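Everything on this sheet refers to the single structure shown next.
What follows is calculated from the coordinates using simple rules that are stated; it is not laboratory data. Because the structure is a prediction, the values reported are computed rather than measured. Ideal geometry is used to build each Cβ from the backbone, glycine not excepted, and the neighbour counts take in all protein chains shown.
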Amino acid sequence: MDVNEFIQESKENVLSGVGITSEDATKLFNIPEEFLSELGRAANQITREFNGNKVDVEQLNNIKKNSCSEDCSFCGQSAFFDTKIETYQLPSPQEVVTRAKKAKDEGAESYCLVAAWREPSPNDFDKVCQIIEQVNEQVDISLECSLGFLSEPQAKKLKELHVKRYNHNLETAKSKFSEICTTHTYEDRMKTLQIARNAGLELCTGGIIGLGETRKQRLELVLELASIYPEEVTINILVPVPGTPLELQTPLEKSEIIRMFSIIRFLLPESMIKISGGRETNLDDSGEELLQSGANGIITSGYLTMGGNEAKKDINMIKKIGLEI
Ligand code: SAM
Ligand code: SF4
């Protein structure tokens, strides 16, 4: 069977619900460069079939910034690195309500509260709960959280407060993890995902590509994500932050990024697949091609420590390629 036939057969297997094996995924992940656009097109057909034309537009709110106790080598918010990023503690519930309302007015459907810490202290967790209660009361927006490691009672509390989805990234392949972080383990991250799922929260997980991992390690991460089957996969493309150990990291080729998104779609046809940090810095088209090669979500209006496209610009881009918000 030639490569094009293999792509089409794999696509039909996904569309009919049979799915593909990890061997097929490995073959697809390594197809020669000249077949990449065909792979992207097939991933796009799977996306449209299972998810329609809608693109999820999300905004983030970094509710606690910088001075994190962990040493994740890509992260500008780690206290281990001198990155000159401003530091702030939790804002008042009313401040978050105002920002969530603005996000909603700008077209965002989901709003994620993110905190740069290893895990919430009991006191900080109580404050985050007060913020969530106020946003729930005053803004009609789907609320998500990314608060680091969770205990079982904390996860249950978030569920009680109607948090829809919990984000916690595996970051990279298990075989690479100890090179990018020494203050916690891959298993620690897996444990929080399990706790969140057991509490009934939907899962959002993924990682960062372009950390110097091999293609084989990117595939390792993809297969792990497929085995978890999260409701949402979030893929960041490294933004090298001055002052971090990865500040001089060579950017990934766009073709590697397309491989990644396309194969995730083949393996997780129904999940939301979001292009997260690094979209504007690593992709000269702001993600247009990826939104037609498997992805169906973006983060708009900036990230945790960096600016991004204005919501209006992103929404115009989505409409221009015939998709909807
Ligand atoms: N501290 C919590 C944690 O680690 O789970 C909360 C979220 S953490 C601040 C948010 C995510 O941003 C990380 O998991 C990582 O995937 C992504 N991220 C951090 N630095 C990045 C960078 N320089 N480029 C791209 N993505 C990055
Ligand atoms: Fe801390 Fe999260 Fe950044 Fe790691 S990724 S240093 S845990 S904020």
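Assorted remarks:
- Nearby aspartates and glutamates by direct alpha-carbon distance to Lys159 (threshold 18 angstrom, same-chain neighbours under 8 apart not counted): Glu119, Asp124, Asp126, Glu133, Glu137, Asp140, Glu144, Glu202, Glu231, Glu232
- Anchor Lys176: aspartates and glutamates whose Cα lies under 16 Å away (excluding residues fewer than 8 positions away in-chain): Asp71, Glu187, Asp188, Glu213, Glu220, Glu224
- Mean separation of Cα contacts under 8 Å (6+ apart) over length of region 120-274, as relative contact order %: 20 percent
- For region 86-171, trypsin sites (Lys or Arg not before Pro) meeting the loop criterion (DSSP other than H, G, I, E, B) and having at most 10 other Cβ atoms within 10 Å: none.
- Members of Lys104/Lys312; Lys65/Lys312; Lys54/Lys313; Lys54/Lys320 lying beyond 19 Å, as alpha-carbon distances in this model show: Lys65/Lys312
- In region 8-74, GluC sites (Glu not before Pro) in a DSSP loop with at most 13 other beta-carbon atoms within 10 Å: none
- Computed over the Cα atoms of the chain, the ratio of the radius of gyration to the Kirkwood radius (Rg/Rh) comes to 0.95.
- Relative contact order of the chain, defined on C-alpha pairs under 8 angstrom at six or more residues apart (%): 23 percent
- Within region 237-325, the proportion of Cα pairs with more than 16 Å between them is 55 percent.
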